[in-house]
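Report on the structure given below.
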Number of protein chains: 2
Amino acid sequence: MSLFPQSEDDWIARIEARLPVQGRSRSGGGRLVLGIGDDAAIYRPAPGEDLVFTTDMMHEGRHFLQHHPAFEIGWKAICRGLSDIAAMGARPEFTLLSLAAGPWVTPEWIDAFYDGFLALAAHFKTPLAGGDLGRAAHTAIDVVVAGSVPKGEALRRDTAKPDDLIYVSGRLGGGALGLREPSNALALDRFLSPEPRIHLGVALRRRKLASAAMDLSDGLSSDLSRLARASGVAAHIRRPLPVFPGASEADALHGGDDYELLFAVPPSVRVPNCLAGQLLHCVGKLVVGEPGRLLFEGEPLLPAGWDHFSR
Amino acid sequence: MSLFPQSEDDWIARIEARLPVQGRSRSGGGRLVLGIGDDAAIYRPAPGEDLVFTTDMMHEGRHFLQHHPAFEIGWKAICRGLSDIAAMGARPEFTLLSLAAGPWVTPEWIDAFYDGFLALAAHFKTPLAGGDLGRAAHTAIDVVVAGSVPKGEALRRDTAKPDDLIYVSGRLGGGALGLREPSNALALDRFLSPEPRIHLGVALRRRKLASAAMDLSDGLSSDLSRLARASGVAAHIRRPLPVFPGASEADALHGGDDYELLFAVPPSVRVPNCLAGQLLHCVGKLVVGEPGRLLFEGEPLLPAGWDHFSR
């Protein structure tokens, strides 16, 4: 008995049936002029807007495991792209999803995967506009999210200045803890079902609080080093860090998969303790120095977060 | 000795160095306001335009083999997306590339892969705006191409009418022949290095010749059935088909990887024999009937092209 009696077209129809009505029709509705089913989606932006695009790939054995729940894998797949959109201060507009299903993938797994993906997509009113679907030796997922932002207002990572303060949202290290100790339900939930900080990114942009921003997907040390290098500055980190309950300081410094926001703030700007429902913590400041160089409590710190190539 | 001493950031810098100067800087130039290196690319369209987006995934062992030349794999990876853009009658604007490098992938392979990808990108002035790069158990590639088209003028596949004639560009079956008989240099070249019909797509759109269009990536029988089903019509195919030299009629009917264009033409419209350098052949017509049903020389024909799920 074949687990996959259906053709690709049958599968597309099956996915189409799972879409919210808004995204289901050939004309996706709103600014999405043409949704799934053609060679490409059509998105018609308003004048005076910038569109931003991000793409993130996930692989079996590397970003998720076969025994992880399919719903959460789908959720996390779009969360990663939404988090990038949040880091630009943008609103998500639509998404594209490519799924390569490995031999162990069942129709039920695909259904649950799409359910998780579409649940988070629906929460942020982000229609699925197209994608690609096929079989492969290993399961792989690639997600594109497009977002929009008023012209010229996107939060970039190369626009911070010396003396800007460094802030992070939320508490760090929960993703790393959840990966290491799946018996910790709170941390596992953070690892499997992170929440993209869309509302916080929009608020930072609208209130003009941040001089630069990015998301914390690979770990504070790696991501801050990137932001600092892009902006041509060095960075000093200091205690206390906002550490996720049960996680270590090393988890907070180097652990990935938190999907909080990291942003720089000019010294003259006053930052609230809480914005868009998220706690904001100052963890240091940017200084003149070798671009990307980090000090932690005065000692040199090497970026030791997740590197997509070295492991 | 590790083949990959570099980090992801080193790899991004290495790729950045391979970009044409236009796409290299943080401001990509032109309508690409922000290129690679941030969380997302920023593209600022002109008013009165529609953007179209397509995504295509390729997997080791399925769409390419380890022994295929890396340059051609890179070329074909973007060709598939460009061909979708061509089928919409759009001009390509930028591309995003995600590469998951399997264990056998060397730095030299990645260099040659990007060289092939960027060679075809440069030919169509399509800057690389971002992407994702990492290690995985199997090599996988996902490419997004965004294109632009005057508002409302994109060629869709769901807008053909009964009595429209069915045309294809070029000669069909070369991709299938090249896959089966790699000793046939002409056919192997078609399989490894197909050419997206961008100029033809734009010409069809500008001259208002086509009532609907798509690209032939999976084979005439499968793709025509999709176009007909999307448009709510049936289709009659008749001999002679324009067959690639050395290929069989079955290759032309069912073989994938040709990347020619398939389009419908209202009966009142006169189509030239050659357009934008491509031969155009009438291979049948659309009729009232069960949506997607095919007849070949009067006999029922089942779609038997490449299905991304059933094989």
Residue among B:160, B:146 that is under 23 Å from residue B:88 (Cα atoms) and not assigned by TED's automatic domain parsing to the domain that holds residue B:87 = B:160
request  = Filter the stretch A:121-134 down to the residues that are in contact (Cβ under 8 Å) with a residue 60 or more places away in the chain and open to solvent by less than 30 Å² (accessible area, probe 1.4 Å), then identify the one that is nearest to the other protein chains (Cβ to nearest Cβ).
outcome  = A:134
remark   = Out of (1) assigned to a loop (DSSP other than H, G, I, E, B); (2) open to solvent by 10 Å² or more (accessible area, probe 1.4 Å), the one residue A:258 does not meet is (2)
ask   = Does residue B:107 satisfy the criteria of being within 11 Å of chain A (Cβ to nearest Cβ), within 27 Å of residue B:189 (Cβ to Cβ) and surrounded by fewer than 24 Cβ atoms within 10 Å (Cβ to Cβ)?
value = yes
task = Take the residues in the stretch B:209-238 that are in a loop (DSSP other than H, G, I, E, B) and among the polar types (S, T, N, Q), then tell me which one is modelled with the highest pLDDT.
result = B:211
query = Of the residues that make up the stretch B:291-304, is at least one in contact with a strand residue (DSSP E or B) (Cβ under 9 Å, 6 or more places away or on another chain), acidic (Asp, Glu) and in a strand (DSSP E or B)?
reply = no
inquiry  = I need the full set of residues from the stretch A:68-99 which are facing another protein chain (nearest Cβ under 9 Å) and surrounded by fewer than 24 Cβ atoms within 10 Å (Cβ to Cβ), in order please.
reply    = none
Filtered residues of the stretch A:121-134 (kept if under 30 Å from residue B:218 (Cα atoms) and over 15 Å from the mean Cα position of the chain (by Cα)) = A:127, A:128, A:129, A:130, A:131, A:132, A:133, A:134
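Residues checked against (1) farther than 30 Å from residue B:264 by Cβ; (2) outside the structural domain of residue B:63 (by TED's automatic domain parsing); (3) of a type in the set (S, T, N, Q); (4) part of a strand (DSSP E or B):
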site: B:76; (1), (2), (3), (4): no, no, no, no
site: B:79; (1), (2), (3), (4): no, no, no, no
site: B:85; (1), (2), (3), (4): no, no, no, no
site: B:100; (1), (2), (3), (4): yes, no, no, yes
site: B:103; (1), (2), (3), (4): yes, no, no, no
site: B:108; (1), (2), (3), (4): yes, no, no, no
site: B:113; (1), (2), (3), (4): yes, no, no, no
site: B:119; (1), (2), (3), (4): yes, no, no, no
Failed item in (1) closer than 22 Å to residue B:134 by Cα; (2) open to solvent by 10 Å² or more (accessible area, probe 1.4 Å); (3) charged (D, E, K, R), with residue A:239 passing the rest = (1)
Residue ID - farthest from the chain's Cα centre (by Cα), chosen from residues in the stretch A:110-120 that are surrounded by 20 or more Cβ atoms within 10 Å (Cβ to Cβ) and either within 14 Å of another protein chain (Cβ to nearest Cβ) or among the small types (Gly, Ala, Ser) (or both) = A:110
Subset of the stretch B:63-90 (residues that are more than 21 Å from residue A:134 (Cβ to Cβ) and free of Cβ contacts under 8 Å to residues at least 12 places away in the same chain) = B:67
ask   = Out of (1) touching a Ser or Thr at 6+ places or on another chain (Cβ under 8 Å); (2) buried (at least 24 other Cβ atoms within 10 Å of the Cβ); (3) within 7 Å of chain A (Cβ to nearest Cβ), the odd one out for residue B:45 is which?
value = (2)
ask   = Taking the stretch B:49-62 on its own, how many of its residues are more than 8 Å from chain A (Cβ to nearest Cβ) and without any contact (Cβ under 8 Å) to a residue 40 or more places away in the chain?
value = 0
ask   = Which residue out of B:192, B:179 is modelled with pLDDT under 95, aliphatic (A, V, I, L, M) and surrounded by fewer than 19 Cβ atoms within 10 Å (Cβ to Cβ)?
value = B:179
note = Over the stretch A:261-287, the set of residues part of a strand (DSSP E or B) and either modelled with pLDDT under 95 or open to solvent by 60 Å² or more (accessible area, probe 1.4 Å) (or both) is A:274, A:279, A:285
request  = With respect to residue A:111, determine if the residue is more than 25 Å from residue B:43 (Cβ to Cβ) and in contact with a Pro (Cβ under 6 Å, 6 or more places away or on another chain).
outcome  = no
remark   = By residue number, the members of the stretch A:135-160 that are facing chain B (nearest Cβ under 7 Å), open to solvent by less than 10 Å² (accessible area, probe 1.4 Å) and more than 16 Å from the chain's Cα centre (by Cα) are A:140
ask   = Residue check: is residue A:149 aliphatic (A, V, I, L, M), in a strand (DSSP E or B) and within 24 Å of residue B:144 (Cβ to Cβ)?
value = yes
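The values are calculated or read from the model by the stated rules, or taken from the named source; none is laboratory data. All figures in this text were calculated on a predicted structure; none of them were measured in a lab. Note: ideal-geometry Cβ built from the backbone for every residue, glycine included; neighbour counts use all protein chains shown. For the accessible areas, the whole protein counts, side chains as well, though only heavy atoms, and no ligand, DNA or RNA atoms are used. Shrake-Rupley method; radii C 1.70, N 1.55, O 1.52, S 1.80 Å.
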